Amino acid sequence: LLPVTLSSPEAEGSDLGVDLHRAGGEGERTVHLRSVGEDGRLLSRHAVTFGDGALAAKAVLDLPLELRNRLARLEVEGQETAASVALIDERWRRRPVGLVTAGAQTDQPLLSESHFLKRALDPFTEVRTGRVRDLLETALAVIVVPDEGRMNAAERRALETWVQEGGIVLRFAGPHLAETKGPPAGEGAEGQSGGGQGADLLPVELRGGRALGGAMSWDKPATLAPFTEDSPFFGLAVPPDVLVRRQVLAQPSLDLPDRTWARLSDGTPLVTARAEGQGRIVLVHTTANTAWANLSISGLFVQMLRRVIGLSQGVAGAASGPPLRPYSLLDGFGRLAAPPDTAMPVAAKAFDDTRPGPAHPPGYYGDGAARRALNLTPSLGAVDALAPLPGGIDRRPYGPLHERDFRPWLLSLALVLALADMAASLALRGVIRVAAALALVVLPLAAGLLVPGAAQAQSPGEIFAQRSSLTTRLAFLMTGDPGLDDTSRAGLVGLSAIVNQRTAAELGDPVGLDPERDELSFFPFIYWPVRSDQPPLTTLAAERLQTYMRNGGTLLIDTRSQGGAPPGGVLERMGRQLDVPPLTPVDADHVLGRSYYLLKDFPGRWNGGRLWVVRPDGQVNDGVSTVVLGGNDWAGAWAVDEAHRPLFAVVPGGERQREMAYRFGINMVMYTLTGNYKADQVHLPAIINRLGQ
């Protein structure tokens with residue numbers, strides 16, 4: 001296939017946008033973009049589709065901030081070239097925030113704006129507190145100024161310069177700002193002129209405060225209006241219980257709608273913003289604590305702060321200092337390696353303008369604490385396919401390797417030679433004549449007994465039965481969804497490899513089954529991923545699955561619903577065509593939790609859902625439940641690629657949760673293979689105790 005190259009990712013709000021390019025545009029093509037952490041673990045896997053004739057495609061990575069901060073590289077799956085790798089440095093990850101805390105002291109620190117802001121920011125970013133002049137001495141992405149924060153004229157000017165260079169200032173209104181911004185009655189109030197906006201670090205002109213609700217007001221506290229599509233907060237759910245009792249009003253103007261990010265239900269601006277140089281000034285027209293509104297104690301407050309911080313630049317946006325030495329560079333196959341002796345340092349100030357080349361190969365420059373990524377693709381331009389070759393040159397693609405089985409021919413030749421040797425020996429001894437000896441060799445050949453091609457060819461069903469009966473294999477039901485079927489196959493490949501490594505079982509390659517066509521009785525258990533739009537089973541498929549369960553097979557039904565659904569809902573989507581006995585949650589004494597590993601939970605790609613089995617008085621074969629039902633997407637946790645690297649991220653427990661998912665898979669295999677043997681072992685202490693009595 002023609003290569004696919006990556007551009008350097010660009011921040012798009014709280015997401016990362018990546019452009020992919022291919023050399024040829026014939027036909028539709030789907031590739032997978034892998035997000036990899038610093039430790040080599042897979043964080044996410046996104047499918048990107050090129051349309052028919054399209055040479056470019058775009059991927060938007062909507063990663064949680066915790067995963068985005070661990071992101072180290074993006075790569076196109078199956079492409080082994082430096083042009084298919086984009087390295088990530090601090091510019092795309094870290095968003096340190098400065099919180100201006102200098103101001104009047106309060107007797108109730110737990111009710112201060114600084115306390116609410118720090119509690120909201122701490123979970124997803126690094127927060128530094130202090131005066132403006134101290135904060136500007138460090139690398140920051142956003143500076144938050146609550147109403148209780150105070151700035152003198154020198155600090156205000158320094159903050160204006162910082163915003164011009166790309167910083168974001170997030171301000172909150174309050175009593176202090178309302179007092180300094182009185183009604184525009186012509187008295188020359190501060191901030192009424194256009195030039196006053198920049199001086200006061202405000203995105204819009206203000207006209208004083210407004211009270212909603214209270215003994216002296218007819219108005220009631222206002223709720224928030226839904227966010228519009230042009231707002232960075234678009235898509236966030238607005239809780240109906242978020243109420244604003246006071247706010248600072250914005251002076252009406254022609255450009256006010258364009259600067260408004262959030263409104264109250266009556267249309268009054270609540271959050272306004274304005275671009276200033278390369279940065280932004282953002283104002284929330286109410287307090288950051290509960291004095292004027294209860295927004296600060298809602299989950300929406302944290303999500304809004306995330307979106308604002310996601311708009312900022314990384315802390316490494318303006319590098320300075322000594323030259324950056326080569327740290328870890330990409331080779332031609334897209335693998336990081338030690339820098340060669342020919343690699344030269346790059347001047348910090350000129351890093352953004354440096355083009356990769358023999359002296360400056362792509363890779364990381366700097367040191368382990370602060371490094372910057374130099375990617376190859378921004379300097380490549382468009383990637384074109386090879387031009388037509390001159391006449392007389394034959395171009396052929398790499399074809400698949402073919403094997404020819406010579407064993408039947410060699411065995412037949414060995415048998416012919418053995419018969420010839422025996423006939424010659426008998427003829428030399430005078431036991432038989434030469435003619436009879438020749439007949440002993442020729443007649444079997446003439447009868448076609450020794451000709452390999454004369455044997456009747458096996459039917460596909462016989463070949464399937466032979467392969468499935470000679471080797472123990474795991475199986476899954478094919479759903480008709482190619483992506484889901486590929487995940488199921490990759491999951492059982494990963495589980496089979498782990499079972500072979502850790503146990504005495506020897507499992508072959510997994511098999512995808514069509515219940516209407518394939519024989520099911522060869523497999524100890526069958527994994528069944530249920531689609532969200534699961535179609536009803538055909539009568540033949542339902543009958544064969546029912547026969548499979550009745551004769552001792554086990555169905556592992558996975559609803560992939562991130563927590564599991566009650567059995568009735570699953571059976572209803574299946575059309576109630578299977579006669580499934582009553583189910584009960586797995587308890588602490590069930591053999592499935594101790595058939596190999598001791599387990600209390602049974603996580604997969606998700607965690608937290610219940611696992612259901614047939615009640616002991618139901619349909620149980622040899623101590624094994626005929627149905628095991630859950631919704632944790634086990635195949636997604638087990639799935640691996642050709643290099644046995646995980647394909648999907650596991651949340652929320654990461655690799656520890658993946659290990660527990662593998663242990664559940666091993667327990668499931670042992671549970672179905674050993675039957676009531678393990679169930680008896682669970683009760684062995686009680687049996688020995690009874691025998692002793």
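Annotations for the structure displayed:
- Considering only residues in region 43-70 that are touching a Phe, Trp or Tyr at 6+ places or on another chain (Cβ under 7 Å) and among the aliphatic types (A, V, I, L, M), the one that is nearest to P388 (Cα to Cα) turns out to be A57.
- Single match in R245, R307 (criterion: buried (at least 16 other Cβ atoms within 10 Å of the Cβ), out of contact with any strand residue (DSSP E or B) (no Cβ under 7 Å at 6 or more places or on another chain) and among the basic types (K, R)): R307
- The lone exception for G213 - which of (1) touching a Lys or Arg at 6+ places or on another chain (Cβ under 6 Å); (2) at pLDDT 90 or above; (3) surrounded by fewer than 19 Cβ atoms within 10 Å (Cβ to Cβ) it fails: (2)
- Residues of region 478-506 classified as β-branched (V, I, T) and under 19 Å from the mean Cα position of the chain (by Cα), total: 1
- Failed item in (1) open to solvent by 30 Å² or more (accessible area, probe 1.4 Å); (2) touching a helix residue (DSSP H, G or I) at 6+ places or on another chain (Cβ under 9 Å), with N551 passing the rest: (2)
- First in region 144-167 and open to solvent by 40 Å² or more (accessible area, probe 1.4 Å) and at pLDDT below 90, second anywhere and part of a helix (DSSP H, G or I) and not polar (S, T, N, Q), Cβ under 6 Å, 6 or more apart: E148/E113
- Criterion (at pLDDT 90 or above, surrounded by fewer than 13 Cβ atoms within 10 Å (Cβ to Cβ) and under 22 Å from L300 (Cβ atoms)) met by exactly one of P252, P203, P240, P226: P240
- Number of positions in region 488-513 that are of a type in the set (V, I, T) and open to solvent by 30 Å² or more (accessible area, probe 1.4 Å): 1
- Within region 434-527, helices (runs of 4 or more DSSP H) holding 2 or more residues that are at pLDDT below 85 and small (G, A, S): 434-446, 460-470
- The single condition from (1) open to solvent by 40 Å² or more (accessible area, probe 1.4 Å); (2) at pLDDT 80 or above; (3) over 21 Å from L484 (Cβ atoms) that G608 fails is (2).
The values are calculated or read from the model by the stated rules, or taken from the named source; none is laboratory data. Bear in mind that the values here come from a model prediction, so they are computed numbers and not experimental data. No Cβ is skipped: glycine too gets one built from the backbone with ideal geometry, and neighbour counts run over all protein chains shown. Only protein heavy atoms, including side chains, enter the accessible area calculation; ligands, DNA and RNA are left aside. Shrake-Rupley method; radii C 1.70, N 1.55, O 1.52, S 1.80 Å.
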